[in-house]
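Undergrad: Take this structure, written in structure tokens, and hold onto it; I'll ask about it next.
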Amino acid sequence: MTEPTPLIATPEHTVEGFVREYLRELNFAQGTILERASVNDHYLALARTVRHYLMARWITTTTEHYRRQPKAVAYLSAEYLLGRQLDNALVAADLEDIAAEALASLGIDLADLREAEVEPGLGNGGLGRLAACFIDSLATMSVPAIGYGIRYEYGIFRQTFVDGRQVEKPDEWLVGGAPWEFAHPEHEVTVGFGGHTERYVDGEGDDAVERTRWVPGWKVLGVPYNYMVPGYRNGRVNTLRLWSSRATHAFDLKIFNHGDYAEAVRSRTFAENISKVLYPEDSTPQGKELRLQQQYFFVACSLRDFINQLLPEDFDLHDLPERICFQLNDTHPVIAVPELMRILVDEEGFDWDEAWEVTRRCFAYTCHTLLPEALEVWPVDVLGRLLPRHLEIIYRINDEFLARVREHSGDDELLVRRMSIIAEHPARSVRMAHLATVAATKVNGVAELHSQLLRDKVLADFARFWPEKFTNVTNGVTPRRFVRLANPGLSGLITEAIGEGWVTDLDRLRDLEPLADDAEFRRRFREVKDANKHRLVDLLARRDGIEIDPGTMLDVMVKRLHEYKRQTLKILHVITLYDRIVSGEVAVEDLVPRTVVFGAKAAPGYVMAKEIIALINHVGAVVGAHPEVSKVLRVAFPANYNVTVAETLVPAADLSEQISLAGKEASGTGNMKFALNGALTIGTDDGANVEIRQLVGDDHFFLFGLTEPEAAAMQEAGYRPSSYYEKNRSLRRALDLVAHGEFSGGNRSTFEPVVSNLLGEDRFMVLADFQSYLDAQERVEAAYRDPDAWSRSAVLNVARSGFFSSDRSMRDYMDRIWHAEVLPPL
Ligand SMILES: *Cc1c(COP(=O)(O)O)cnc(C)c1O
């Protein structure tokens, strides 16, 4: 390789240097001048200026990856819930102060420009946010890694409320211009769909072998868009490569030549539909064909891209496992397994066993759920129509796998049926989790309890068959975004106390422990919390017209709306407090004033979830309108909870609600964000709550509810929710209030479905845990009355939560699964 041309110098890391670059962008790229520029002009100029500071690092990192050919990681994820890019880039490049000062010198407020950015909401919730945290950590740890995904034109819908009910609006995140992306149409990839397969004889005489080729019925193009993933002040910038679908040029022409212009344009729409919109279901996939198209589209592009662009031309694909691990973020990208087999067998001429040996060493699979309805399954007729060759390959993988199961089990046909990649009922279909498990070198759950339940329940047969395949990597969150950037006050306090190393070495937070006993430190800690509450007050007033009192306890439950997460349990608690005040059972003076904050989107087709949203809003309205109750209790439900809101909400919280039924939440990551920002958790023994409680200690965590074995046993024995209604007076009164129309203007039918669901099936055992939850909330109240003890616990939560850095998660993946290399420091 010839020496690369030297790079143009990075702009000077000074206020003057920044101003110069900024004005150049405003003039030359935006084509405007300071006096005329709109806020969006300013934002775009600023984004591009910051980009310039990162560009040399990006080019150097990419070049080094290519030259060194280290063992790398490709994270395959259908979702990346990135959050705003500007603040993150400023922090990573150490430009916050310089940018603020430079802009101020031009009469511009940096804060206003931050507000101009629409966050890329290319994910639903925890799973997509996890992917975003992981790529941040990988860049910060100098791991050669690339994220692959989909550039949805419309991300997660924008939530609005009309009469308290959720109404979805399209998320037009690209309309203002997308300054963080770099389109590379010259690296477009062609992806086939449909058609049929053919056998043919390749070679002659003794060399002749029968091969298969796939003749797709139609093709689309994938255009890569690159995003910078800056490491935190380590000189590295990794890449996130998102694919956008386009019509093929040839396809257009063929129809065009028939003279049907309108049809040619329509066919474009078909192709471009693939990356049009993110499916808004979280944990409940709908099995829509377009979703499978999206999945195949992005993994086919990604594998092709990795092989063609990131490996040397003469690379021997037999060595692929030495060069890459493809991490499957849930089952969404699992179709990559038969795709790699197809490439190796049909295109590269590998024989089957050779190809399987390579393929099974290239993939690892992360399972994210325990809910059966979240496990993806594709009917074979859908999959076979869309990807006929892949279905053949899946059948063969299954045949060979089941032969081994038979051999090992002495033809236990019941076991064979349970483990088969193909389900026969209710319709013949492909179980993507089984395919992933069969193919992967490692299968991991996302918290200790979850991994245990995967081994014991969800994938028990597989865990017996391949015990060494199963491992755990507890999730984490990036301390850059969720502490350093979201909580500047706390960050400053921590840095002052223990130095700044914690941002990339979060275990150092342990050094704060002694300060929990330092009254002055606790006072300053409370001051920070207070300032954060005021920040939230401002945001909610400005953004939602919601007024909250920063002098109250901030009790926060933010996460997707799902029955298993049990927002209903929280609202029943609110209703009970309301009832006790209204009925005169407790005096207002005897309660700790609280503001209960909800944030949650419901999948648009999830009727019960949307009813629960309406109930929360209606209860909130009645509570807020009551002259006595509203003195000590308010409900705030800002619409459109997203990463940007989380960044202001989490640092302000006193109490973190993590109240899923034990055994249902795989890990949770919201729970980690709150603990790291000094909120105390009220939670069940579920997901990573278990580990949070073990680390922070029982005295600093409000545990309640059934354990997983208890809940399972109770279900086994025949759970009867109505028995709790009958014997628990508070519960009965709360449910009766809802049923009698207290929160629906006297209309008894409005929330009837919610009530009858709880009294009938109550699949997630809200009623069984109700009393235990009330008791735990009493303990919360008692604890909160002692500000010194509370803030001592809060400081200890921060000090003992360093484990939940996604840097630690990445180390675990590196040690247990990837064994990738790390680039030397610059
Ligand atoms: C962290 C995060 C989540 C995940 O929250 P859980 O409580 O773990 O479900 C969802 N949405 C957003 C915007 C987040 O930042």
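The values are calculated or read from the model by the stated rules, or taken from the named source; none is laboratory data. Quantities reported herein were computed from a predicted structural model and do not represent experimental measurements. With ideal geometry, Cβ positions are generated from the backbone for all residues, glycine too; neighbour counts draw on all protein chains shown. Note: areas computed on protein heavy atoms with side chains; ligands, DNA, RNA excluded. Shrake-Rupley method; radii C 1.70, N 1.55, O 1.52, S 1.80 Å.
To keep it simple, each residue is scored yes or no on (1) crowded, with 18+ Cβ neighbours inside 10 Å; (2) free of Cβ contacts under 8 Å to residues at least 24 places away in the same chain.
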site	(1), (2)
LEU485	yes, no
ILE494	yes, no
ILE498	no, yes
ASP505	no, no
GLU520	no, yes
VAL528	yes, no
GLY545	no, yes
GLY551	no, no
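Undergrad: Return the pairs, sorted by first residue and then second, in which the second residue is charged (D, E, K, R), the first residue lies in the stretch 757-780 and is under 12 Å from ALA711 (Cα atoms), the beta carbons are less than 6 Å apart, and the residues are 6+ apart or on different chains.
TA: Pairs found: PHE764/GLU563; PHE764/ARG566; VAL766/ARG566.
Undergrad: Determine, yes or no, whether GLY663 is within 8 Å of the ligand (Cβ to nearest atom), assigned by TED's automatic domain parsing to the domain that holds LEU493 and under 18 Å from ALA447 (Cα atoms).
TA: no
Residue-by-condition table, conditions (1) away from the ligand (no atom under 16 Å from the Cβ); (2) crowded, with 24+ Cβ neighbours inside 10 Å; (3) acidic (Asp, Glu); (4) without any contact (Cβ under 8 Å) to a residue 60 or more places away in the chain:
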residue	(1), (2), (3), (4)
THR441	yes, no, no, no
ALA447	no, yes, no, no
HIS450	no, yes, no, no
ARG455	yes, no, no, yes
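Undergrad: Considering only the stretch 645-671, state which residues are of a type in the set (Ser, Thr, Tyr) and either under 17 Å from SER491 (Cα atoms) or over 18 Å from the mean Cα position of the chain (by Cα) (or both).
TA: Going through the stretch 645-671, the residues of a type in the set (Ser, Thr, Tyr) turn out to be 648, 656, 660, 667, 669.
Result: THR648, SER656.
Undergrad: Among strands (runs of 3 or more DSSP E) lying entirely in the stretch 359-453, which contain 3 or more residues that are under 29 Å from HIS819 (Cβ atoms)?
TA: 363-366, 443-445
Undergrad: Which condition number does ILE817 fail, the rest of (1) open to solvent by 30 Å² or more (accessible area, probe 1.4 Å); (2) not in a loop (DSSP other than H, G, I, E, B) being met?
TA: In the conditions (1) open to solvent by 30 Å² or more (accessible area, probe 1.4 Å); (2) not in a loop (DSSP other than H, G, I, E, B), ILE817 misses (1) alone.
Undergrad: Those residues that are surrounded by fewer than 19 Cβ atoms within 10 Å (Cβ to Cβ) and either farther than 28 Å from ALA436 by Cβ or within 16 Å of the ligand (Cβ to nearest atom) (or both), I need them from the stretch 65-94; list them, please.
TA: Across the stretch 65-94, the qualifying residues are TYR66, ARG67, ARG68, ASP94.
Undergrad: Can we say LEU759 is among the aliphatic types (A, V, I, L, M) and open to solvent by 10 Å² or more (accessible area, probe 1.4 Å)?
TA: Against the criterion (among the aliphatic types (A, V, I, L, M) and open to solvent by 10 Å² or more (accessible area, probe 1.4 Å)), LEU759 qualifies.
Undergrad: Going through the stretch 584-606 one residue at a time, which ones are without any contact (Cβ under 8 Å) to a residue 12 or more places away in the chain and more than 19 Å from GLU742 (Cβ to Cβ)?
TA: Of the stretch 584-606, the ones without any contact (Cβ under 8 Å) to a residue 12 or more places away in the chain are 584-587, 589-590.
ALA587, GLU589, ASP590 - these are the residues of the stretch 584-606 that are without any contact (Cβ under 8 Å) to a residue 12 or more places away in the chain and more than 19 Å from GLU742 (Cβ to Cβ).
Residue-wise test of (1) away from the ligand (no atom under 16 Å from the Cβ); (2) assigned by TED's automatic domain parsing to the domain that holds GLY741; (3) assigned to a loop (DSSP other than H, G, I, E, B).
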| residue | (1), (2), (3) |
| --- | --- |
| HIS573 | yes, yes, no |
| TYR578 | yes, yes, no |
| VAL586 | yes, yes, yes |
| GLU589 | yes, yes, no |
| LYS601 | no, yes, yes |
| PRO604 | yes, yes, yes |
| GLU611 | yes, yes, no |
| ALA614 | yes, yes, no |
| HIS618 | yes, yes, no |
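Undergrad: Filter the stretch 267-311 down to residues that are modelled with pLDDT of 95 or more and part of a loop (DSSP other than H, G, I, E, B) and give me whichever is farthest from TYR564 (Cα to Cα).
TA: Checked the stretch 267-311; the qualifying residue farthest from TYR564 (Cα to Cα) is LEU311.
Undergrad: Still on this model: Find the residue count for the stretch 96-150, including only residues that are within 16 Å of the ligand (Cβ to nearest atom) and charged (D, E, K, R). Walk me through how you get there before you give the answer.
TA: Within the stretch 96-150, the first condition is being within 16 Å of the ligand (Cβ to nearest atom), and the residues that meet it are 117-137.
Next, from what is left, pick out any that are charged (D, E, K, R): 117, 119, 129, 136.
Residues flagged as within 16 Å of the ligand (Cβ to nearest atom) and charged (D, E, K, R) within the stretch 96-150 amount to 4.
Undergrad: Continuing with the same structure: Applying the selection to the stretch 9-28, what residues are in a loop (DSSP other than H, G, I, E, B) and closer than 20 Å to TRP58 by Cα?
TA: Within the stretch 9-28, ALA9, THR10, PRO11, GLU12, HIS13 qualify.
Undergrad: Do the conditions hold for VAL650, that is, is it of a type in the set (A, V, I, L, M), surrounded by fewer than 24 Cβ atoms within 10 Å (Cβ to Cβ) and either assigned by TED's automatic domain parsing to the domain that holds ASP698 or near the ligand (Cβ under 9 Å from one of its atoms) (or both)?
TA: no
Undergrad: Does any residue of the stretch 802-814 turn out to be open to solvent by 20 Å² or more (accessible area, probe 1.4 Å) and assigned to a loop (DSSP other than H, G, I, E, B)?
TA: No, the stretch 802-814 contains no residue that is open to solvent by 20 Å² or more (accessible area, probe 1.4 Å) and assigned to a loop (DSSP other than H, G, I, E, B).
Undergrad: Any idea how many residues of the stretch 691-716 are surrounded by 24 or more Cβ atoms within 10 Å (Cβ to Cβ) and either acidic (Asp, Glu) or within 16 Å of the ligand (Cβ to nearest atom) (or both)?
TA: 1
Here's the yes/no breakdown for (1) open to solvent by 10 Å² or more (accessible area, probe 1.4 Å); (2) more than 19 Å from ASP330 (Cβ to Cβ); (3) over 32 Å from the mean Cα position of the chain (by Cα); (4) not assigned by TED's automatic domain parsing to the domain that holds ALA131:
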residue: ILE343; (1), (2), (3), (4): no, yes, no, no
residue: TRP352; (1), (2), (3), (4): yes, yes, yes, no
residue: PRO372; (1), (2), (3), (4): yes, no, no, no
residue: ASP381; (1), (2), (3), (4): yes, yes, no, no
residue: HIS390; (1), (2), (3), (4): no, no, no, no
residue: ASP411; (1), (2), (3), (4): yes, yes, yes, no
residue: ARG418; (1), (2), (3), (4): yes, yes, no, no
residue: PRO426; (1), (2), (3), (4): yes, yes, no, no
residue: ALA433; (1), (2), (3), (4): no, no, no, no
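Undergrad: Select from the stretch 666-690 the residues that are open to solvent by 10 Å² or more (accessible area, probe 1.4 Å) and assigned to a helix (DSSP H, G or I) and write down the one among them that is farthest from the ligand (Cβ to nearest atom).
TA: Here the residue is VAL690.
Undergrad: Oh, and also: Considering only residues of the stretch 636-647 that are assigned to a loop (DSSP other than H, G, I, E, B) and within 9 Å of the ligand (Cβ to nearest atom), which is surrounded by the most Cβ atoms within 10 Å (Cβ to Cβ)?
TA: Only one residue fits best here, namely ASN642.
Undergrad: In addition: Is it true that some residue in the stretch 720-733 is part of a loop (DSSP other than H, G, I, E, B) and more than 25 Å from HIS700 (Cα to Cα)?
TA: At the first step, the residues of the stretch 720-733 found to be part of a loop (DSSP other than H, G, I, E, B) are 720, 728.
Narrowing further to those that are more than 25 Å from HIS700 (Cα to Cα): 720, 728.
Within the stretch 720-733 (the criterion being part of a loop (DSSP other than H, G, I, E, B) and more than 25 Å from HIS700 (Cα to Cα)), the answer is yes, since at least one residue qualifies.
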